[in-house]
Amino acid sequence: MISLPALTIAIAAFLAALYYRLYQATSYSGGLPCIGEPGILGFLNAAVRCRADMKGVLEEGRMRWGGRPFVVRTFSGILFVLGSEFVETIKSDSDKTFDQTNAFTQVLLQKYTLDVTDRTALVNVLRTSVNRSMESYIGPLLEETQLSINDAFKPKPETGLIDIPIVHVLDALIARVTNRVIVGEQLCRSPEYLQVMSRFIRNMRKHAGYLRITPPALRPILSYIFFFTGGRREPLKGLRPYVKACIEESEIANEDKSMVHALIRNPASVKTVEEISKRVLFLNFASTHTSSVMLSRTLFEIATLPRTEIDEIRAEVMQALKEEGGWTKKALSRFGRIDSALTEVGRVFGLAHVGSHRITLQDLNLGDGTCIPRGATVVIDHQPVHFDEEYYEDPDKCDLLRFYKLRQKEARPATDPKHTFVSADGHALVFGTGRHACPGRFFASYLLKIIIGHILLNYDLSYPSGVKGSPKTIQFNRAIFPDPRATLIFTKRH
Ligand code: HEM
């Protein structure tokens with residue numbers, strides 16, 4: 001039993017630490033304009049608004065200060081919001097002005113949630129071995145897609161319709177399909193493995209959020225609790241035996257049977273069971289939710305198209321498969337309409353209102369007497385870039401074939417990435433930009449084209465009766481995603 005005086009001291013210490021944390025979070029006194037009133041109450045109000053309505057907060061900032069950088073105070077600290085004129089600075093930075101690695105680590109509080117020691121090695125594996133092995137991943141990805149869809153797309157007994165809340169269903173489906181190439185056939189079909197992994201992925205951001213508002217002195221205690229309650233303990237336990245076997249196998253084999261083998265065989269990798277297992281967790285975290293949000297919204301949007309346009313997408317897929325001898329890299333690179341739909345969904349919806357988190361490595365002089373101090377966290381506001389009237393015609397319209405038509409008009413060959421989903425040229429920021437743009441985007445692009453292509457060839461999509469169009473977007477903190485309760489109806493084609 002804890003005695004009353006000890007409890008009182010503990011509560012007083014917690015409140016004092018919390019007050020100090022809030023004071024730190026509210027104490028910006030630089031020259032840049034700031035959303036919300038000064039002081040702790042002003043901070044609390046602004047931080048609650050950021051959590052519930054980041055879109056509105058950013059709109060206010062843009063309207064009041066005409067695109068100049070401004071400050072927002074969130075529960076995770078102060079963010080300096082930069083407009084589109086800073087995209088080029090971030091894109092061309094060679095880690096001299098901005099630090100991406102630690103920005104990412106801080107957002108996720110990786111020290112407490114998932115302490116991967118050297119993320120650069122993991123990123124290099126994605127950029128090199130994984131991209132090189134893509135052709136050999138396509139068959140397994142397709143097979144797992146077919147099997148998971150057969151398992152997940154079941155008619156409801158009451159109605160006989162395959163009426164699916166796709167955000168949830170596709171989350172699980174993506175986890176299984178990506179794990180087919182991350183950890184192989186056996187584990188990717190293990191319900192226990194998928195369950196603990198999905199729980200970990202869901203919790204990682206949540207845990208990081210709670211930890212960020214917790215005073216640093218108390219974080220180790222909280223992270224210890226999280227470790228046992230939906231944190232990395234369970235998925236690590238499931239992974240260790242597999243990773244151990246792969247390490248032994250990799251000493252004799254000379255091919256990468258899965259991404260785990262690629263991680264082990266990378267010369268720069270630390271090859272301990274623990275470290276490789278943590279990298280697998282990070283891969284799952286980085287790939288699953290991102291891909292499933294993009295996939296759900298793209299299917300919702302495709303379902304709004306007229307029948308003739310959906311048939312044109314199907315015809316393109318069938319022609320590419322026929323002329324390229326089935327599901328190959330070349331065939332997938334000819335799915336121009338699906339690629340365009342994904343790119344447009346990334347532009348109009350995306351995953352977050354702000355992105356490209358960086359920490360400044362030096363004072364950034366803004367040329368008007370103000371400066372963003374060294375050590376500050378900066379983010380790019382996506383709206384002015386994605387809805388730039390000078391770059392995009394009729395930017396408010398979601399036109400799934402926008403990029404397809406642009407590429408046709410400009411006669412871009414299949415090898416030219418301009419206006420494609422994987423382009424991170426600074427006009428579309430869904431994957432970030434510059435040298436730190438998402439290293440898994442090529443994999444994501446093939447994966448999503450396989451799943452969408454397979455679904456379109458085998459199912460007709462429609463909305464439940466009475467539902468008019470694509471579901472509303474939910475925003476929480478900086479993230480955006482389609483309403484998870486929304487459903488689509490899939491009708492088997494014969
Ligand atoms: C459509 C799906 C995806 C989207 C929208 C997405 C988006 C992003 C973004 C915005 C970043 C941060 C870039 C920056 O700091 O500027 C990122 C980082 C990352 N992504 Fe993706 N991603 C997707 C899928 C994937 C997949 C499938 C993988 C792995 C196979 C992956 C692996 C990673 C990794 C490892 C990082 C960290 C990179 C680093 O530390 O520099 N992502 N992703």
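Show me, for the stretch 353-363, the HN-Hα J-couplings you get by feeding each phi into the Karplus relation (A = 6.51, B = -1.76, C = 1.60, θ = phi - 60°), rounded to Hz, glycine and proline as x.
Here the 3J(HN,Hα) series is 6, 10, x, 6, 4, 9, 10, 6, 9, 8, 4 Hz.
Residues with amide H under 5 Å of T74's amide H, sequence separation 5 or more or different chain, H placed in the peptide plane at 1.01 Å from N; which?
Amide H to amide H, under 5 Å and 5 or more residues apart or across chains, T74 pairs with L79.
Rounded to the nearest 20 Debye, what is the dipole magnitude of the stretch 353-494 about its Cα centre when Lys and Arg each give +1 and Asp and Glu each give -1 at the C-beta?
Charge dipole, the stretch 353-494, about its Cα centre: 760 debye, nearest 20.
Over the stretch 364-494, calculate the relative contact order: mean separation of alpha carbon pairs under 8 Å at least 6 apart, over the residue count, as a percent.
14
Output ³J(HN,Hα) for the stretch 83-93: one whole-Hz value per residue in order, computed from phi by the Karplus curve 6.51 cos²θ - 1.76 cosθ + 1.60 with θ = phi - 60°, and x for Gly and Pro.
x, 5, 5, 9, 4, 4, 4, 6, 4, 8, 5
Mind ranking 376-388, 303-315 by how tightly packed they are, going by the mean number of other C-beta atoms within 10 angstrom, highest first?
Per-residue Cβ counts within 10 Å, averaged per peptide and sorted highest first, yield 376-388, 303-315.
In the stretch 34-125, what is the volume of the convex hull around the alpha carbon atoms, normalised per residue and reported in Å³?
Normalising the Cα hull of the stretch 34-125 by residue number yields 137 Å³.
Once phi is turned into ³J(HN,Hα) by the Karplus curve 6.51 cos²θ - 1.76 cosθ + 1.60 with θ = phi - 60°, what whole-Hz value does each residue of the stretch 112-117 show in order, with x for glycine and proline?
Once θ is set to phi - 60°, the couplings for the stretch 112-117 become 9, 9, 7, 7, 5, 6 Hz.
Taking only Cα atoms, what is the 0 to 90° angle, nearest 10, from helix 54-65's long axis to the longest principal axis of the chain?
The two axes meet at around 60 degrees.
Provide K405, K468 ordered by accessible surface of protein heavy atoms (probe 1.4 Å), highest first.
Result of the area sort, largest leading: K468, K405.
Please report, as a whole percent, how much of the solvent-accessible surface of the chain comes from carbon and sulfur atoms (probe radius 1.4 Å).
C and S fraction of accessible area: 57 percent.
Heavy-atom accessible area of L41 with all protein chains present, probe 1.4 Å, nearest 10 Å²?
Spelled out: L41, probe radius 1.4 Å, area about 140 Å².
Measure nothing fancy, just the Cα-based angle from helix 307-323's long axis to the longest principal axis of the chain, in degrees from 0 to 90, nearest 10.
70
Quick one: if the Förster radius is 25 Å, what FRET efficiency do R233 and E185 give, using the C-beta to C-beta distance and rounding to 0.05?
After rounding, the FRET efficiency stands at 0.50.
Tell me the per residue accessible area of the stretch 1-120 using a 1.4 Å probe; a whole number in Å² is fine.
I get 54 Å² per residue for the stretch 1-120.
Quick check on packing: order 44-50, 215-221 by the mean number of other C-beta atoms within 10 Å, highest mean leading.
Taking the mean over residues of other Cβ atoms within 10 Å, the ranking is 44-50, 215-221.
Under unit Cβ charges (Lys, Arg +1; Asp, Glu -1), what dipole magnitude, rounded to 20 debye, does the stretch 203-288 have relative to its Cα centre?
With only Lys, Arg, Asp and Glu charged at Cβ, the dipole is about 520 debye.
How about the stretch 110-209: which GluC sites (Glu not before Pro) there are in a DSSP loop, with at most 16 other Cβ atoms within 10 Å of their Cβ?
E158
Say the cut-off is 30 Å between C-alpha atoms; which of K206/K257; K330/K405; K405/K449 go over it?
K206/K257
Dividing the Cα radius of gyration by the Kirkwood radius, what Rg/Rh value follows for the chain?
Radius of gyration over Kirkwood radius for the chain works out to 0.97.
Please arrange R441, R265, R279, R374 by accessible surface area, largest first, computed with a 1.4 Å probe and ligands excluded.
R374, R265, R441, R279
Leaving out ligands and nucleic acids, and using a 1.4 Å probe, what accessible area per residue does the stretch 169-321 come to in Å²?
Per-residue value: 42 Å².
Relative to the longest principal Cα axis of the chain, at what angle does helix 166-182 sit, 0 to 90 degrees, rounded to 10?
80
Once you charge only the Cβ atoms, +1 for Lys and Arg and -1 for Asp and Glu, what is the size of the charge dipole of the chain about its Cα centre, to the nearest 20 debye?
In total the dipole reaches around 980 debye.
Long-range amide H contacts for Y459: which residues qualify at under 5 Å (H placed 1.01 Å from N, peptide plane, sequence gap of 5 or more or a different chain)?
R493
Below 8 Å between Cα atoms, with a sequence gap of 6+, how large is the relative contact order for the chain in percent?
22
Could you tell me the accessible area of M259 in Å² (1.4 Å probe, neighbours in place), rounded to the nearest ten?
10
5 Å is the cut-off here: which amide hydrogens, built 1.01 Å from N in the peptide plane, fall below it relative to C34, excluding neighbours closer than 5 in sequence?
For C34, whose amide H was placed from the backbone, the distant partners under 5 Å are V71.
The values are calculated or read from the model by the stated rules, or taken from the named source; none is laboratory data. All figures in this text were calculated on a predicted structure; none of them were measured in a lab. Every residue, glycine among them, receives a Cβ derived from its backbone with ideal geometry; neighbour counts consider all protein chains shown. Remember, those area values only see protein heavy atoms, side chains included, never the ligands or the DNA or RNA. Shrake-Rupley method; radii C 1.70, N 1.55, O 1.52, S 1.80 Å.
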